[in-house]
Amino acid sequence: MPVSRIRTRDRGLRGGTASVEMAMVTPFLVIALFGIIEFGMIFSSLMQLNNVTREGARVACTGATTTEVLDRMDGSLGRLDPDAMTVLLEFRTYSGGYWSPWQTLTDDGVRNTAPLGAQIRVRAAYDHHLMLGGLFGRFADNTTAHTKTLRASAVMRRE
């Protein structure tokens, strides 16, 4: 009988050790889990932003006005907040073996002013709000608003 009492006592001690180890490791596991979720949300927003800029460049290279380009981009935002995004539409031309500097894309009310063969660039910046700003606030670009600025651009040839 004394042997069985020793075994029971050993199991109880091991169970307490496992509880203490679990209590020490759980905060790190929870932080890692939330980090994975936060990174997934950032990556999702970045992929959506890439699609939005690509859509804007695709529409702009057909000669659409800047208003039409911006409307099409707003229509393809998905879950992104349009108020948190800034867009820059630019073009440049190739002449004499050199590219001109980037110029702001404008329109005449019917078509944009980029000539045929020019490159059109659509750049967008999006302020992604961090879900857990208190936990991951040090990775934010704006620590007060807990936002991370994501950037995307797309370049296409005007046809």
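Read-outs throughout are calculated quantities, based only on the coordinates presented, and are distinct from any laboratory measurement. Given the structure is predicted, the values throughout are model-derived calculations rather than measurements. Every residue, glycine as well, gets a Cβ built from its backbone with ideal geometry; the counts of neighbours run over all protein chains shown.
Multiplying the residue separation of Thr93 and Asp74 by 0.36 nm and removing their Cα-Cα distance gives an extension gain of 4.1 nm.
Once both labels are positioned 7 Å from their Cα atoms along Cα-to-Cβ, the gap between Met22 and His129 label points is 3.6 nm. Between segment 14-82 and segment 111-158, the alpha-carbon centres lie 12 Å apart. All other residues whose Cβ lies under 13 angstrom from that of Ala64 are scored, Lys and Arg at +1 and Asp and Glu at -1, for a net of -2. Ranked by how many other Cβ atoms sit within 10 Å of their own Cβ, fewest first, the residues Met85, Met24 fall in the order Met24, Met85. The C-alpha atoms of the chain define a longest principal axis, and helix 2-60 lies at about 0 degrees to it. For segment 81-92, backbone phi angles converted through the Karplus equation (6.51, -1.76, 1.60; θ = phi - 60°) give residue-by-residue couplings of 7, x, 6, 9, 10, 10, 10, 10, 9, 9, 8, 8 Hz, Gly and Pro being listed as x.
Quick one: which residues, 5+ away or cross-chain, put their amide H under 5 Å from the amide H of Ala64? H built at 1.01 Å from N. For Ala64, whose amide H was placed from the backbone, the distant partners under 5 Å are Asn112.
Report, in debye and to the nearest 20, how large the dipole of the chain comes out about its Cα centre when Lys and Arg carry +1 and Asp and Glu carry -1 on their Cβ. All intermediate terms of the calculation are to be shown ahead of the outcome.
Values: 18 positive and 15 negative charges, 208 e Å.
Once rounded to the nearest 20, the dipole reads 1000 debye.
Net charge around Leu116, counting only other residues with Cβ within less than 13 Å of its Cβ (Lys, Arg = +1; Asp, Glu = -1)? The answer is +2. Based on the Stokes-Einstein relation at 4 °C and a viscosity of 1.567 mPa s, and on the Kirkwood radius from alpha carbon pairs, the chain is assigned a translational diffusion coefficient of 67 µm²/s.
Local charge for Leu46 was computed over the other residues whose Cβ lies under 10 Å away, with Lys and Arg +1 and Asp and Glu -1, and equals +2.
Rounded to the nearest 10 degrees, the inclination of helix 66-75 to the longest alpha-carbon principal axis of the chain is 20 degrees.
Using R0 = 25 Å, the C-beta based FRET efficiency linking Val155 and Ser44 works out to 0.60.
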